[in-house]
Every structure is written in C-alpha cells, then in structure tokens.
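In what follows, a single structure is set out as structure tokens and then discussed.
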Amino acid sequence: MTAAVPFGPHVLREYALLADGERGALVGPRGDISWLCVPRWESDAVFSSLVGGPGCFAVTPEDRFVWGGQYETGSLIWRSRWVTQHGITECREALALPADPHRTVILRRVRPEDSDAAVRVVLQASAGFGRHKLQRIRRQDPGVWTARTGPLYLRLSGADAVRPGGLGHPDDVLAGLLRVSSGDHHDLVLEISDQPLPDDPPDPDRTWRSTEQCWAADVPRLSGTLADRDAVHSYAVLRGLTSSGGGMVAAASMSLPERADQGRNYDYRYVWIRDQCFAGQAVAVAVGADRLLDGAVAFVSERVRADGPDLRPAYTTTGGSVPEQRQLDLPGYPGGYDIAGNQVTHQFQLDTLGEALLLFAAAARHDHLDADGWRAAETAADAIAARWEDPEAGIWELDDRLWTESRLICVAGLKAICAVGAPAHRMTDWMALADKILAQASATSVHPGGWWQRAPDDSRIDAALLLPPLRGALPFDDPRTVATVHQVEAELGEDTFLYRFRQQPGPLANAEGAFLLCGLVMALAKHQQGSDLEAVRWFERNRSACGPPGLYSEEYDVHQRQMRGNLPQAFVHALFLEAAARLAEPWSGR
C-alpha cells in the first residue's frame, strides 16, 4: 500500500460535507478533502486519510492561519476561510451539479481577499482504500494533468503550479505552491471517473453557474419554522445525501467510532429504509410535496413491492444488497476500526414496514401517492399481518425480540394509511389488525408503573417509545403516553440531551453518547403534550450539538462536548427539519 500524505484526522465538528447525491466528500480545516468514494457512495475510497489510509486533495495556506467557514445558504457549496498572518484567503468548494453517476467533479476556487496569497496544493489519489497509487501521470495541456489510479481515470485542471513529486512529496503525488494575486481568483477542477473522461475539461465558470442553479432549484427557501436558516441547511444536507434514484444514504462516511475502542463503528453509506421514511415524513411536514418526498416514496415503494415480508433494513442507492463486512488493513479513525460493509442486511426489522406506511400516508395527504405507491402500501400491510408476531431486530438493530416500538409503529402506520383513503375492501382488515397488535402490546408490554416497556421480557424504558404516539398509534393524552414521556425523561435524560436506553449500571454516558435523534423526538413529544417551553429547550439544546459547518453526527458526548459516530447522520437532520417546522405552531389535533 502506498504511504499516506501526512494530513491527520480532525475532530468531527471541523469537517464540512461536499455532496452531489451520488457521492460525498469530507473536507477538513486545512483544506484537506480526506474522504471520497468514487463513483458511488458504496464504492471504495479514493481519498481515505480520514480512516488512516492514503489519499487526499488539499489546498492549504502556506502561511500560519486560523480556520473558519460557512455554507452558502440553501446549498452544500462550502467556503473555507483562513485568516493568515498577512490577510484572508477563501477557498470556495463544491461537487459539481448536475451529478454524473460515473464522474465526480470537484470545484475549488481560491480567492485572496485583501493581499496576495500562496497555498499548497497536494493531490494524492489512491483508489481501493489505498491499494492503487497514482500512475501514468501525464501533462495533457498547460496546467492540465491526467492520471490513473486503479480502475479510475483522473484529470486535474488549473494546475500550472503542481508537478509529480512537488514540495518534496513522492513521485505519485501531484503537489506545488500556487500563488494568487489579491482581487483575483484561481480555479482548480478535479475529475475522477470509472469511465474514460471527455476530451475537454469542464469550464469552471460555466460549471459553477450550473451548480449554483441546481442548488437554487432543488432547495426551498423555508420560512415560518423555529429555525429557518438551519432548517434550510438540514434540507440541503438531505438533498446532498439523496441519489438521482431517490435513495438517501444514512451518512457519507464509514468506521467513525461511536465510542473509542468499543467496536461500535459501522458503514452507513447505504439507504436505510427507516431513515428514508423519516426524511420523507419530515419533508412532507416542513415543505409539502416535493422532489425529496417523491424520491423517498419511489425508492421505498419499489423495495417494498419487490421484497414484501422479506424487506431488508438497508440497500445500496441502486437497490442492491449491502455488502458483507470486511476489514481493510487501515489504522482507522482514532478510536475506531477499518470496517466496510454492514451485517444489517441479514436482519429483519418490523418497524420499517410501519414507517413505510407512514411515509406513504404522508405522500397521500399531499396527493402524491401513485398506483405503485398504493400497491406498495398493500404489500407492506400484508407483510405486517404475516410477520408482526416474529422476533426481530427493532429500531436499534439488536438481538431478535418482540420489540414494543416496532409493533406500535406498525399500529401507527396501519391507522395512518387507513385515514388517507385506503381501499374500502382492505380498510376493515387493516384497522382490525392495528387493534389486534395494540391489544397484544397492551397486554404484554406495559410496565407496572404505567408506561410502555421495551419488550414483554425487557422492563426497561426506551427513548424510541416516544415515537408511536407522535405518529398516531395512540392519543397524546393516553395515560401510557403521558407516563412514557415522563419516564423517558427521568431515566434517560441528562442536561436536556437524551440517551436511547440504559445499557448498564452507572452513568449513562459510560456506555455511549446521547442520541441526537432521541433528543429531537423528545422535543416533539413535549410539544405534543403541550409543554411548549420545554419542547423549545430540548430543541435548542440538541440544535447546539454541531460544529461550524452545522452537521450532526449520530451521537453527542455530553461531557466532552464532542460529536461521535458517522457524519453527517441523515436521520438527525430529518428530525431537526421536522421539529423546526412542527414547533413553530400548535400541535395539530390537540
């Protein structure tokens, strides 16, 4: 394996995401793009320094600097901003839109604000998580370099200043010192493809305009939410994680640890059906009928119709199987391991069928559920009827049990799809099924204290049990709902953050970080209960658990104030979007 260029990892709060729907890159505060898989999300990484491998594309000030940056509103166009000893330098960067499923185009525009600037440009592309060096490096035209790395074709334009082995690097690294005059700008354009590249490089100005126009067309300008700017940003993140086929990956990264040296680091570069349903429902609430809702319905309905009672928890963005786990022989992110692939494909998770019905009902309320969607709804309901008594892995993907939350979410899904005009000949059966499931859960899974417990054989409380009343499984003022909200807060809340469930005796933080998804769900539960001030407190506290780029990971270390897990976590951004919209007005139906 080729040696890595020395760009070490950063804390997660310092990474920004560049994404075009087909793949995503993470860029750090030194201008180091340290993670990118090409051509698709699930492909091997060509830049893997994030997890200790070789490969990065860095644009870094030569002078000493401090870092900042921001996204352009309603987009994933990022502006790295460095205050140096002699002035301010910005690097505007994005993945070009519209996206090509075979070719990624990275745009980087260096612009000094008030004095001349010099930046170090370093490109080490190493396909296959570092198995392949950059080879066959050729100068195609002045400032244009072509090369190969494994099966990938590469071209770097605007690179007059770089050369193989520049700045003391090995010959398989393109590097050099780029000088840009004050008031001017310089464009670097990197293309990476699994097919031969077009004859001519993209024109930077034209490609920037196209990218700006696509973001402007795809991301709505929300108003009237509790946090308009951040809600728009969460929508942009969800758009960036959503492929042209409608599938939304759970996160852009893999193997980022939830807790150091505990083995809990997973590959989330796939479409989790549940997460996709969360996102579609959030968009339906905050925006209404739009492209992300339609894409979610199309992807989920196709998978439900194809697989029915054997619906898998996750798929690739093209609807394929998630690959088996494998180790990569890389150091991993500090505290983590080098695991690609995910064993989730072997699980059955009943709640995904209920969430699918909730998604279809949300689309139907906006008159956006077509005939295929209704057929998928019938298939999902039939699958629930066939499998609701089977042990399954549940929302947290644990050992197979009769998890209460899964059954109650199926109740919510069945009720929701009946409420929006289910076929008359099926409605009676579906409502009877919902009543039957609820009756059995009531008989087996209510704690003596009056709240819902995790499973008939597990008396613990679980933050996931806040979800079913929010989705209509039972009323907000049902005594079990009220008791569950109080018990979850009492047992699992800490400093207005929320943990999933108690895993062991002692402080909750000894087992894992707080789950931001759960904290935002608690904000919704408090709002549904009419405790609006408490709802806003929960919302704002969990809203703060990000870094300057405004991205959320899965977990948050309350005591160290650090993000944990893969980045960005789509379901957190989905629940943020929903909470920002719902908390801005009284809960419907109270």
- prompt: On the first, second and third principal axes, largest extent first, how far apart are the outermost C-alpha atoms of segment 1-132 in Å?
  reply: 40, 35, 24
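Only loop residues by DSSP count here, and only those with at most 14 other Cβ atoms within 10 Å; note down the trypsin sites (Lys or Arg not before Pro) in segment 389-483 that meet that.
Answer by residue number: Arg460.
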field: Cα coordinate range in segment 348-436, projected on the principal axes (Å, largest first)
entry: 38, 23, 17
Spin-label model distance (nm) - Leu533 vs Lys436, 7 Å beyond Cα toward Cβ: 4.8
- line: Gyration tensor (Cα only) of segment 234-382 to equivalent ellipsoid, semi-axes in Å sorted down, yields 29, 17, 12
message: Within segment 337-403, what whole-number % of the accessible surface is contributed by carbon and sulfur, with the 1.4 Å probe and all protein chains included in the calculation?
response: 45
message: Rounded to two decimal places and with Rh computed the Kirkwood way over Cα pairs, what is Rg over Rh for segment 92-213?
response: 0.96
task: Taking each pair of different alpha-carbon atoms in the chain once, compute 1/r for the pair, average those values, and report the inverse of that mean as the Kirkwood hydrodynamic radius in Å to one decimal.
output: 24.6
Nearby lysines by direct alpha-carbon distance to Lys415 (threshold 20 angstrom, same-chain neighbours under 8 apart not counted): Lys436
query: Rolling a 1.4 angstrom probe over the protein heavy atoms, how many square angstrom per residue are accessible across the chain?
result: 35
query: Long-range amide H contacts for His447: which residues qualify at under 5 Å (H placed 1.01 Å from N, peptide plane, sequence gap of 5 or more or a different chain)?
result: Trp452, Gln453
- request: Return the carbon/sulfur percentage of the accessible area of segment 163-296, one whole number, probe 1.4 Å, all protein chains in place.
  value: 43
- prompt: Of all trypsin sites (Lys or Arg not before Pro) in segment 545-584, which ones are in loop regions per DSSP and have a Cβ with at most 14 other Cβ atoms within 10 Å?
  reply: Arg561
- request: Divide by every residue of the chain the summed helix terms, -39500 (n - 2.57) for each DSSP H run of at least 4, and state the resulting mean residue ellipticity at 222 nm, rounded to the nearest 500 deg cm²/dmol.
  value: -10000 deg cm²/dmol
query: In the calculated pair distance distribution of segment 400-475, what percentage of Cα-Cα distances lie above 16 Å?
result: 47
message: For Lys133, give me every one of the aspartates and glutamates with a C-alpha distance below 13 angstrom, ignoring sequence neighbours fewer than eight places off in its own chain.
response: Asp171, Asp172
- prompt: Excluding Arg92 itself, what net charge comes from residues whose Cβ is under 14 Å from its Cβ, given Lys and Arg +1 and Asp and Glu -1?
  reply: -2
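Taking Cα pairs under 8 Å and at least six residues apart, what relative contact order does the chain come out at, in percent?
The normalised contact order for the chain reaches 13 percent.
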query: Could you give the nm distance between label points at His346 and Asp200, where each point is 7 Å from its Cα heading toward the beta carbon?
result: 5.3
message: Need one number: nm distance between label points at Arg64 and Ala371, each 7 Å from Cα along Cα→Cβ, rounded to one decimal.
response: 7.1
task: Please give the length that would be gained between Ser588 and Thr318 if that part of the chain were fully extended, namely 0.36 nm times their separation in residues minus their C-alpha to C-alpha distance (nm, one decimal).
output: 93.5 nm
- request: Please work out the Kirkwood hydrodynamic radius for segment 219-322, using every pair of different C-alpha atoms, and report it in angstroms with one decimal place.
  value: 14.7
query: Taking +1 at the Cβ of each Lys and Arg and -1 at the Cβ of each Asp and Glu, which of Thr146, Gly128, Pro101 sits farthest along the dipole of segment 101-154 towards its positive end, judged by Cα position relative to the Cα centre?
result: Gly128
Vicinal HN-Hα couplings computed from phi for segment 524-535 (Karplus, 6.51 cos²θ - 1.76 cosθ + 1.60; Hz; Gly/Pro x): 5, 5, 5, 5, 4, 6, x, 8, 5, 5, 5, 4
- prompt: Using unit Cβ charges (K, R positive; D, E negative) and no other charged atoms, how large, in debye to the nearest 20, is the dipole of the chain about its Cα centre?
  reply: 580
query: Suppose every K and R has +1 on its Cβ and every D and E has -1 on its Cβ; what is the size of the dipole of segment 69-119 about the Cα centre, in Debye to the nearest 20?
result: 140
statement: Taking R0 as 56 Å and r as the Cβ-Cβ distance between Gln504 and Leu177, the FRET efficiency 1/(1 + (r/R0)^6), rounded to the nearest 0.05, comes to 0.55
query: Hey, got the dipole for segment 472-590? About the Cα centre, +1 on K and R Cβ, -1 on D and E Cβ, debye to the nearest 20?
result: 100
message: Taking 0.36 nm per residue of sequence separation and subtracting the Cα-Cα distance, how much length would be gained by fully extending the chain between Asp160 and Asp141, in nm to one decimal?
response: 5.9 nm
Fraction in percent of alpha-carbon pairs per bin - 5 Å, segment 482-539: 4, 21, 31, 23, 12, 6, 2
task: Compute the relative contact order of segment 239-307 as a whole-number percentage, counting only Cα pairs closer than 8 Å that sit 6 or more residues apart in sequence.
output: 31
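The values are calculated or read from the model by the stated rules, or taken from the named source; none is laboratory data. Just so it is clear, the model here is predicted, and its values are computed rather than measured. Positions of Cβ are backbone-derived with ideal geometry, glycine not excepted, and every protein chain shown enters the neighbour counts. In case anyone asks, the SASA skips ligands and DNA or RNA and just uses the protein heavy atoms, side chains included. Shrake-Rupley method; radii C 1.70, N 1.55, O 1.52, S 1.80 Å.
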